């Protein structure tokens, strides 16, 4: 089984959404694919109409997810630019075991 990491948050009032999406794209292309256990092309960014955001990333193991979170904290400008627009009081991270996968 694989593991799905979700990050739910809101952007800070007045945050530049376009700049955030640029930073999210860099995460998709420069950081995430370099992490051990990352399931290729699994990272997704979602937003509700009222401004709630969610990122989902699939990992081979829960340990891979945990290692990526540690690497994220030490990754420099890619992650700094990404988390900067987020309201830190709204961030929630969960890791779920994937129980059913079609195909």
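Within segment 54-103, which residues are touching a strand residue (DSSP E or B) at 6+ places or on another chain (Cβ under 9 Å), under 22 Å from residue 19 (Cβ atoms), touching a residue at least 24 places away in the same chain (Cβ under 8 Å) and not in a strand (DSSP E or B)?
Result: 85, 87, 90, 91.
Filter segment 66-75 down to the residues that are closer than 18 Å to residue 9 by Cα and surrounded by 13 or more Cβ atoms within 10 Å (Cβ to Cβ) and list them by number.
Across segment 66-75, the qualifying residues are 69, 72.
Scan segment 23-41 residue by residue and report those that are closer than 20 Å to residue 91 by Cβ and surrounded by 13 or more Cβ atoms within 10 Å (Cβ to Cβ).
23, 24, 26, 27, 28, 31, 32, 35
Could you give every pair whose Cβ atoms fall below 8 Å, whose first residue belongs to segment 1-29 and is in contact (Cβ under 8 Å) with a residue 60 or more places away in the chain and on the phi > 0 side of the Ramachandran plot, and whose second residue is surrounded by 18 or more Cβ atoms within 10 Å (Cβ to Cβ) and in a helix (DSSP H, G or I), counting only separations of at least 6 or pairs across chains?
Pairs that qualify, where the first residue is in contact (Cβ under 8 Å) with a residue 60 or more places away in the chain and on the phi > 0 side of the Ramachandran plot and the partner is surrounded by 18 or more Cβ atoms within 10 Å (Cβ to Cβ) and in a helix (DSSP H, G or I): there are none.
Bear in mind that the values in this text are calculations on the coordinates, not laboratory data. Treat the numbers as computed from the prediction; the structure is a model and nothing was measured. Heads up, the Cβs are rebuilt from the backbone with ideal geometry, glycines too, and the neighbour counts pull from every protein chain shown.
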